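The values are calculated or read from the model by the stated rules, or taken from the named source; none is laboratory data. All values reported here derive from a predicted model rather than from experimental measurement. With ideal geometry, Cβ positions are generated from the backbone for all residues, glycine too; neighbour counts draw on all protein chains shown. Remember, those area values only see protein heavy atoms, side chains included, never the ligands or the DNA or RNA. Shrake-Rupley method; radii C 1.70, N 1.55, O 1.52, S 1.80 Å.
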Amino acid sequence: AKFIEQIVTDKGHNVVEIVSNADDAIALINSEKIDLVFMDINIEGSIDGIQCASLLNQYYQIPIIYMTAYGDTQTIDEAGDTNMIGYIIKPFDTKDIEATFAVALKILYNLNHISDIQIQSTCIEFENNYVYTFETKSLKIDSIPVKLTKIETLLMHLFCLNINQNISYDLLLECVWKNHLVSNSTIRDTISRLRKKAPLLKFENISGIGYRLIKA
């Protein structure tokens, strides 16, 4: 990680932080603006790098460069199901990092030069003048922002990323509560508070499965 950090900084870019596990990665993503992730597949904890990337993708589509000692087709295919932008096989040297990083930067440059109009239109317009904007993670009613807690914001973002789709209790625990031990009643209470703040949104409970947000 320090070796890669040196190469990235030598190229004039900022390394926000080095973390060793999925919990710290998710916490960092929620607190900092991250443009690109170097992800080792073999990270600390019960969640590997590919699973960690899948969790990150629940919140943000951040491009990921994987580093691994495994070059088999199955591992690459699994990584490809996430927002993979590069893949480096260990052992690697400076040239391997520089070449992969240069390609990633070119792709990022092209992505970031999508027209501002297109970026600003990335929102969901519900009935009754409700609008959710992905970039700012904000919900507005008649152009007035709805004040949401951090948990409510994560919950709303997850619902909008999966609009009209069932979201299981397990996924809610994983993405919103970071697998902390909370009861189903805590989840129900949080969604109930969200309903009170946005009473005309259609949150639906699927008995024994989870919830979904309906957009007609």
Looking only at region 152-164, which residues are of a type in the set (S, T, N, Q) and surrounded by 17 or more Cβ atoms within 10 Å (Cβ to Cβ)? T153
Top-ranked residue of region 61-77 - restricted to ones that are crowded, with 17+ Cβ neighbours inside 10 Å and within 20 Å of the chain's Cα centre (by Cα), ranked as farthest from L36 (Cα to Cα): M67
What about Y132, is it in contact with a His (Cβ under 9 Å, 6 or more places away or on another chain), closer than 30 Å to A25 by Cα and not in a loop (DSSP other than H, G, I, E, B)? yes
Single match in I141, I124, I167, I191 (criterion: modelled with pLDDT under 90, β-branched (V, I, T), surrounded by 14 or more Cβ atoms within 10 Å (Cβ to Cβ) and touching a Phe, Trp or Tyr at 6+ places or on another chain (Cβ under 7 Å)): I167
Please go through region 172-181 and pick out each residue that is open to solvent by 40 Å² or more (accessible area, probe 1.4 Å), touching a residue at least 12 places away in the same chain (Cβ under 8 Å) and at negative phi. E174
Log entry, pairs with first residue in region 29-58 being open to solvent by 80 Å² or more (accessible area, probe 1.4 Å) and part of a strand (DSSP E or B), second being of a type outside the set (D, E) and at pLDDT 90 or above, beta carbons closer than 8 Å, six or more apart or on different chains, reads E44/S20; E44/N21
